[in-house]
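What follows is a short report on a single structure.
The values are calculated or read from the model by the stated rules, or taken from the named source; none is laboratory data. All values reported here derive from a predicted model rather than from experimental measurement. Note: ideal-geometry Cβ built from the backbone for every residue, glycine included; neighbour counts use all protein chains shown. All accessible areas refer to the heavy atoms of the entire protein, side chains included, with ligands and DNA or RNA removed. Shrake-Rupley method; radii C 1.70, N 1.55, O 1.52, S 1.80 Å.
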Amino acid sequence: MKQLRKFWISLALLFTVDAHAINIDLVADNTSVTAGSLVSVAVNISGLNDMSAPALGVYDLDVIFDNSLFAFNNLIWGDSSKGNQLDLNGFGSLQASNLSAGLINLFELSFDDIASLNNGQAGEFTLFTLVFNAVAIGSGNFSLGANLLGDAEGAYLSVDTIANTQVSVTGVTVPEPSSWLLLPGFLAIFALRMRHLRNVK
């Protein structure tokens, strides 16, 4: 049922007029992490009008990642500080995610009415955040494909720019021992040598 609904929404948006362009940025919480640690990638939207039309009502996005370096861990819908901007009235939203090798498809449709979205939605916010485990050493890209975006009335929104991001995974850093920590060892060796010399005499 969800897939059928997605199909009809996608079909309807294809035949509407593009009135506004928007920007999507992928932002990693760290651009360099050690193997075995977590990295979060937020998908942010901007270019919408603050508290006025156009507002975002639906999106269907693909996040592509290097699955030889990163393993999917968790998905967090909405903005951590502004809340889910596609669920302003607390009715929830239709959310779907599908994970395949090196790709996560994310779909969300707001249940809010047109006026609530146009008059209450922020002009820029986080759509969702993906959390990954860094599993191997290397440098990998996180990129985005925009299948469709629609405003509160169902009109098509084009993406003006997409800013992808790159994360480097390094080995675990082993701290060098402090010279002060080595001093007792040197003193012990020196004392043993002096004792040996005295015994020889």
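Per-structure values
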| item | result |
| --- | --- |
| Area of residue 156 that stays accessible when all protein chains are in place (1.4 Å probe, Å², to 10) | 70 |
| Protein-only accessible surface order, largest first, of 151, 29 at 1.4 Å | 29, 151 |
| Accessible area in the full protein assembly, largest first, 1.4 Å probe, for 127, 109, 88 | 88, 109, 127 |
| In range of the label at residue 170: residues from region 33-57 whose backbone nitrogen is under 14 Å from the point 7 Å along Cα→Cβ | 33-37 |
| Kirkwood Rh in Å, taken over all unlike Cα pairs in region 24-99 | 14.8 |
| Environment charge at residue 42 (Cβ cut-off 11 Å; Lys +1, Arg +1, Asp -1, Glu -1) | -3 |
| Largest-first ordering by accessible area, 1.4 Å probe, given options 64, 22 | 64, 22 |
| Alpha carbon convex hull of region 73-141, volume per residue in cubic angstrom | 110 |
| Region 89-174: relative contact order in percent, alpha carbon pairs under 8 Å with at least 6 residues between | 23 |
| Using θ = phi - 60° and Karplus 6.51 cos²θ - 1.76 cosθ + 1.60, couplings along region 35-46 (whole Hz; Gly, Pro as x) | 4, x, 9, 9, 9, 10, 10, 8, 10, 10, 10, 8 |
